[in-house]
Structures are given as structure tokens and as C-alpha cells.
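Engineer: Below you will find the structure I want to go over with you.
Nothing in this text is a laboratory measurement; each read-out follows from the coordinates by a stated rule. Please read these numbers as outputs of a predicted model, since none were measured by experiment. So basically every Cβ, Gly included, is an ideal-geometry build from the backbone, and we count neighbours across all protein chains shown.
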Amino acid sequence: MGKIALLVSREEMIYQAHNILQEKKYEIGEMRVIKTEDTVSEARQSIANGASIIIARGLQASLIKQYTDIPVVEIVITAQEMALLVSKAKQILKIDNPVLGVVGFKNMFCDMSYFDIIYGIEMRTYFAEKGDLLEDMARQAVRDGVDLIIGGDTAVGIAGEAGIASLFLSNTEDSMRNALSMAESVDYAMGVEKRNAAQIETLLDYSFNGVARLDAFGSIVDINATMEDILEKKKEEVLLRPAADVFPELLGESFRHVLEYGKESYSLFMEIRRTSVFAIVAPVVIEKKVEGAILTCHRMKRKQHKELELKGRNSLRGAGALGEFGDLLQESKSMQDCVRLAKLYAFSEKPVFIAGEPGTEKQLMAQCIHNAGLHKDGPFVNVSCDGLGEELQYDMLFGDKGAAAQAKGGSLLIEDAQALTKANQYRLYQLIRHKHRLGREGQRYAGAEVRIMVTAAVPLSQLVKKEVFRKELYYLLEGLLVTIPPLRERKEDLEFKIRETIRDCCEHYSRFHVLTKGAFQVLIDDPWKGNLIQVENYCERLILTAKKRSLDEAAVESLLTEMYPGERKEELADTVLKNEEASIPMEAMEIKDILLKQAGNREKTARELGISKATLWRKMKKYHLE
């Protein structure tokens, strides 16, 4: 608690305060009677003694306010106290509708707007703005012919000289009690403010982010130690400078909108002293008025490349696998079943075909199978056949320095197997079936002991039908098939992935954003045809471009449409079609199906339905099937 000083002009006010302190213990540091001419010096003495709040009345209160910076609580005559004075005045005058003149300083009185009506009087106020004008106000009341003057010593003295009745303006304990209570409330509020300021100061001092406080005009009023380090400048060098001078990237409409309109926040990347930082500017708004802004700068983390923690001899010429089955998302039952099957296949030496949509964990699944299998101590090599011709495919896969040779004793993952030429399909068949490599001229190189795993962008069965994929290789690869379900069929995995990615992005960029329940549902319902890759990239952009803390349905829908306009149109069309089909009665669906079956022949359709052609025509018109 702070120290409260009571400085008043009359002894009886000190007595009143003592009486009140018997009822309740207010934190009063000192109570003194002072002369008006000594008010300022006395107040400064109290401040020097540790006072943080001063209670005073009338002119003395005004002088302390004017010449010091300390909070002043004024003793104000209450309505009840004024009512008592008015009643005494009426008793003294004993006339109807007396004219009463109230002389003093405005800050001493309560609101007396309706006293005339309530008490049947005419009240005139003579408020002095300065102490030396108080006598003039009293003489003006005399000249105006008031019946009685209510005021202090000066006003009462002048009333006596003029032969006019008067009442001394005295207060009861009510006004003193109010003043003490108010001082206690001010002291509490000041304490809260000090604690908050101390907490904020500590937060700034120990924040790992650079923080700058800006005033309403965009000038820097404070920075923390981390910001000093980022800027390579001391606080004194940037204080009161326009933020846009110190951070040139802030120039522009977005920054102006934060300060002028309280736009929630905006983010940007900046280069400061050869350091890349991610910055957020957020307004400080009090009662709908922008009082300034907070600029937060977060140093971008350099990507740390994990060292390959390979087991035993699980490396050869840089080849290796890091994935373990525990790394796979498997909150859903369908993925748990998939992993269970893959673990069984890991014990086999036969080839494994890993099927799945683009963006699913096909390569990670291959690494998991390798690390759990019999070849885990050997190398793991993966290559893609897509976009390569006959010769390049041969060199990359079956040449002397190709992947099959490098993966000896380990595993070889061949991605995009649908792109393999017929000749290289045959070579792959020989490698799997007979454990040898075929050269360009048909030479056989023995000793190619390698576990083969394959992925393809399309089902191999379709390629077999089109006669572009060898049947014997197809049957060899399809034996141990692992099909990774798409994320849209693994709602538990999708939910976990969205939450995890948004959390990681917020942590990486030192931001805080939350999805509303509706927004999260929109993301759960999206088909995510790009699966994990699409989810990760979408969430990254969502967090980087977010303009609000809370991201609602409109925000996520807007970005989905912006990033994947073609897919959104297809989804909309599918939804419309489903809705239309859902709204068609069963009878209409039956008629439609039979019409299609009969190639539109109405006579045959009517016969199959067991109705006349006229009835069929009416029903077709009713259901808009013309």
C-alpha cells in the first residue's frame, strides 16, 4: 500500500478523520492542518516524506493538483450535508422561496442542479477559479441581493459586513469518509498498475523475442534487451524515433492501418543487421481508441539437419533410413491395421508394393519396413523412375554404380514404378525373382541380394489391362501389398495432424492462433487430396498470413479456395449433385434408372414399370425427367 497524506485547513476536519479511523483502519501516513499560502510547500514536504496520495479540499486541492504530479483526492460536500445547510438557512430566514448564495470553489460541492425544486429555494452559485477571486465572488453575491450566503471564512466575513445572514460551509464525517474511501480505492488501483507494470517489465526483460512499444504516433517509447541485441543498438539510440525509421519495412498501409484504425495485427519478414526476423505488429486499443502498438520480432531459426542416426552398417555412400513405425500417424484404426500388416511384411524378404495417394507416408513406410526387417543393417536407397527414359532408368537402377548395386545387402525403394519401361520391368523382375542384375546386352551379374519395395502413382492392375506393365512383375509385386489409407478416411490422424502442424507453426514463428470449432470442422471435412503434404503446407500458409488471433470458418474457407480453386469447384459440384440426388424421390430414381437401362425408350420403360406410356409421361414431367 502507498502512503496517504491528509492536508486540510481546519482542525475539526482532523478530528473527523480520527473518528472515522476508529471505525475502519485506513492507511493514513500523516494528517496535518496547513495554511492556504503554504499549500504547495507543505504538499511537497509530504511527497518527500513518502506520500503517494494527498487528500485536500477546495483551493488547497486545486493548488496541489496544479503544482505537483501526485494524485489528489478532493473532499467534496455531499448532497446530504448541503441539504442540512439549506434546512438551517430556511429556519434562519423563515421566508418562502429564499435566495441562497453559495460561495466557494466548484470542486468543493456536489451536484446541486435540482435543489431549487426539491427544497423550495432559489440557489445561486458563485464559484471562484482562483483564491484571490473568492472575495470578489462574495461581494457579487451581496450586490445580487441574496438573502443568505453559505461559504467559508471569507464569504461569511463579507456577509457580516453587509448585514446579510450567513452560514459557515462545514462538512460532516460523510464527506471525509467518502474521501478516505476514495483514496483507498486510488491507492489499490495504483498498486495494481504498479504490479502489472512490473510483470510486463519482467516479461519484456526475459522474453526471447525482441519487443518494442510504440506510441499512438508510431514512435518507439521502449524496447527490451533482446531487441537491443537484434538492432545492435542501445535503447537510448532509438527512443522517440519513428518506428519506420528504425524498421524501414514498416513503411506502408498495413502499419498505418494498425495505428489509425486498430487493425488487429499484421505480420511480415524483415532483415535486421543480417538477421532474418519474423515480425508481428499489434495495436494497443483502450476503449476503442488506439493508444499505440507492440512490435514483436522473432529470430528465424536455421533449419537444423538431423544427423543420420543409422544402426550398425545401415549406411553406404550416404544412403540410410531414419523412419520407425512409431513415427507414423496411427491414431485411426485403419492406419493401425495398415501398420500391423506392414510389420508382418517386414519379416519377409519378398518385395513389398506400397500403395497410396500422393502425399501419404509411402516413403516413410518403406523406411519403417526396412528398419524393422532382416536387411536393417544394410543401406536404404530410394530412386524415382518418373520422367526418365530407357537408358537413364537402366543406369540409375541396374548399372554398375546403380541403385541395385549400392543397395546390396539392404533395401531399394523404387518410386513411380508405373514409369518403368518394358525392358527395365523385365530387369526388375529378374532382380527380384532370381537375385541377379541384367546388363544391357543381357549379361547376368550375380550376388545382388537386395530387398525391393515399390510405389506407383496408379494401380498396377490398370497398367496391366492397358498392356503397358508386365503381368509376371505385377503378380510378383502385388503379393505383399500395403495400402496406406488417405487422410480423409483417417479422421483421428487428420485431426492430430492439423493440431500438431498449427501448434508447430505457431511455435516456430512465435505466434498464437486458434481455430474456432467451425473452422476446425471445415478442415476435418476437406478431402485433402494431397494428404500430409497438403495439410502441412496449407497450415504453414494459414499461420503466416493470419490477420486475427481467432481463425474462423470464413478465414479457412477463403484460403482453401485461394490455394486450391479447382478442387473447391469440384467439391462444390459434387455437393450440389449429391444434394440434388438426395432430394429426388425414390420413384423418380427408379424411373430414371430404367430409362437409362432402356436407352430412353419410353414404351419399354413403361412396360417394365407396369404403367401406361401416358402415366410414364406425367411422372417424367412431374420429376423433370423429360
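Engineer: Report the extension gain between GLU11 and ALA48 in nm, rounded to one decimal, defined as 0.36 nm multiplied by the number of residues separating them, less their alpha carbon distance.
Structural biologist: Here the segment from GLU11 to ALA48 would lengthen by 11.0 nm.
Engineer: Between (i) 1.20; (ii) 1.37; (iii) 1.71, which matches Cα Rg over 2.2 N^0.38 Å calculated for the structure shown?
Structural biologist: (iii)
Engineer: For region 253-303, which trypsin sites (Lys or Arg not before Pro) pass both filters: DSSP loop (anything but H, G, I, E, B) and at most 16 other C-beta atoms within 10 Å?
Structural biologist: Working: sites: ARG256, LYS263, ARG273, ARG274, LYS288, LYS289, ARG299, LYS301, ARG302, LYS303; in loops: LYS263, ARG273, ARG274, LYS288, LYS301, ARG302, LYS303.
Listed in order of number, the matching sites are ARG273, ARG274, LYS288, LYS301, ARG302, LYS303.
Engineer: From the P(r) of region 207-299, can you give the percent of Cα pairs sitting at distances over 18 Å?
Structural biologist: On the way: 1597 of 4278 pairs.
For region 207-299, the share of Cα pairs beyond 18 Å comes to 37 percent.
Engineer: Grab the DSSP H runs of the chain that are 4 residues or longer, score each as -39,500 (n - 2.57), total them, divide by all residues and round the 222 nm result to the nearest 500 deg cm²/dmol.
Structural biologist: Mean residue ellipticity, 222 nm, calculated: -14000 deg cm²/dmol.
Engineer: Rg over Rh of region 487-579, using C-alpha atoms and the Kirkwood radius, what does it come to?
Structural biologist: Here the Rg-to-Rh quotient is 0.96.
Engineer: If you don't mind, there's one more thing I want to ask. Roughly how big is region 96-170's charge dipole about its Cα centre, with Cβ charges of +1 (Lys, Arg) and -1 (Asp, Glu), in debye to the nearest 20? Don't skip to the end; give the middle numbers.
Structural biologist: Working: 5 positive and 12 negative charges, 18 e Å.
With Lys and Arg at +1 and Asp and Glu at -1, about 80 debye.
Engineer: Rounded to the nearest Å, what's the spacing between the alpha carbon centres of region 429-508 and region 260-295? Just the number, please.
Structural biologist: 48 Å
Engineer: Once you order the gyration tensor axes a ≥ b ≥ c over the Cα atoms, which shape class does region 96-170 get: rounded for a/c under 1.5, otherwise prolate or oblate by comparing a/b with b/c?
Structural biologist: Oblate, since a/c reaches 1.5 and b/c is not below a/b.
Engineer: Quick check: net charge around GLN16, other residues with Cβ under 15 Å of its Cβ, Lys/Arg +1 and Asp/Glu -1?
Structural biologist: Residues near GLN16 contribute -1 overall.
Engineer: If you take the beta carbon distance between SER550 and VAL221 as r and set R0 to 25 Å, what does 1/(1 + (r/R0)^6) give as a FRET efficiency, to the nearest 0.05?
Structural biologist: Taking R0 as 25 Å, the efficiency between SER550 and VAL221 is 0.30.
Engineer: Counting other Cβ atoms within 10 Å, keep those with at most 12, restrict to DSSP loop, and tell me which trypsin sites (Lys or Arg not before Pro) in region 348-409 are left.
Structural biologist: Passing both the DSSP loop test and the Cβ count: LYS401.
Engineer: Please compute the length gained on full extension between ALA244 and SER87, using 0.36 nm multiplied by the number of residues separating them and subtracting their Cα-Cα distance. Intermediate results must be reported in sequence, preceding the final value.
Structural biologist: On the way: separation 157, 0.36 × 157 = 56.52 nm, distance 6.53 nm.
Gain in length upon complete extension: 50.0 nm.
Engineer: With +1 on each Lys and Arg Cβ and -1 on each Asp and Glu Cβ, and nothing else charged, work out how big the dipole of the chain is about its Cα centre, in Debye to the nearest 20. Don't skip to the end; give the middle numbers.
Structural biologist: Working: 85 positive and 94 negative charges, 748 e Å.
Approximately 3600 debye in magnitude.
Engineer: Turning to a different aspect of this structure: Rounded to whole Hz and in sequence order, give me ³J(HN,Hα) for region 438-443 from the Karplus expression 6.51 cos²θ - 1.76 cosθ + 1.60, θ = phi - 60°, writing x for Gly and Pro.
Structural biologist: So the J values, rounded to whole Hz, are 9, x, 4, 9, x, 4.
Engineer: GLY402: net charge of surrounding residues, Cβ under 9 Å, Lys/Arg +1, Asp/Glu -1, itself excluded? Mind showing how you got there, number by number?
Structural biologist: Working: positive: LYS401, ARG437; negative: ASP395, ASP400.
Its environment carries a net charge of 0.
Engineer: Between ILE20, SER219, THR483, whose Cα lies farthest towards the positive end of the dipole of the chain when Lys and Arg beta carbons carry +1 and Asp and Glu beta carbons carry -1, centred on the Cα centre?
Structural biologist: Sorting the options by dipole projection puts first THR483.
Engineer: Taking the dipole about the Cα centre of the chain, with the C-beta of Lys and Arg at +1 and of Asp and Glu at -1, give me whichever of GLY442, PRO585, CYS506 is farthest to the positive side.
Structural biologist: Comparing the listed Cα positions along the dipole, GLY442 ranks first.
Engineer: Looking at the chain only, what percent of DSSP beta bridges run antiparallel? Nearest 5 please.
Structural biologist: Expressed as a percentage, antiparallel bridges in the chain total about 40.
Engineer: Here's a follow-up. R0 = 60 Å: FRET efficiency of ARG433 with TRP617, Cβ-based, nearest 0.05? Write out the running numbers ahead of the final one.
Structural biologist: Working: r = 64 Å, r/R0 = 1.07.
My answer for the efficiency is 0.40.
Engineer: For each pair in LYS350/LYS408; LYS471/LYS597; LYS376/LYS401, compute the distance between the two Cα atoms and list the pairs where it is over 23 Å.
Structural biologist: From the list (LYS350/LYS408; LYS471/LYS597; LYS376/LYS401), the Cα-Cα distance tops 23 Å for LYS471/LYS597.
Engineer: Cα axis of helix 173-205 to longest principal axis of the chain: angle in degrees, 0 to 90, nearest 10?
Structural biologist: For 173-205 against the chain, the angle is about 30 degrees.
Engineer: Could I ask something else about it? What net charge is computed for the residues neighbouring ILE75, neighbours being all others with C-beta under 12 Å from the C-beta of ILE75, Lys and Arg scored +1, Asp and Glu -1?
Structural biologist: Overall, the nearby charge balance is -1.
Engineer: If you don't mind, there's one more thing I want to ask. Determine the gain in length on full extension of the stretch GLU253-ASP174; use 0.36 nm per residue of separation and subtract their C-alpha separation, reporting nm with one decimal.
Structural biologist: 22.9 nm
Engineer: Dipole of region 40-178, Cα-centred, from +1 at each Lys and Arg C-beta and -1 at each Asp and Glu C-beta, to the nearest 20 debye? Don't skip to the answer; put the middle values down first.
Structural biologist: On the way: 12 positive and 18 negative charges, 22 e Å.
My answer is approximately 100 debye.
Engineer: Can I ask one more? Tally the DSSP beta bridges in region 207-299 and give the antiparallel ones as a percent, rounded to 5.
Structural biologist: 100 percent
Engineer: Rounded to the nearest 0.05, what FRET efficiency is calculated for LYS234 and VAL192 with R0 set to 30 Å and r the Cβ-Cβ distance?
Structural biologist: Taking R0 as 30 Å, the efficiency between LYS234 and VAL192 is 0.45.
Engineer: On a 0 to 90 degree scale, rounded to 10, what angle separates helix 39-48 from the longest Cα axis of the chain?
Structural biologist: Helix 39-48 sits roughly 40 degrees off the main axis of the chain.
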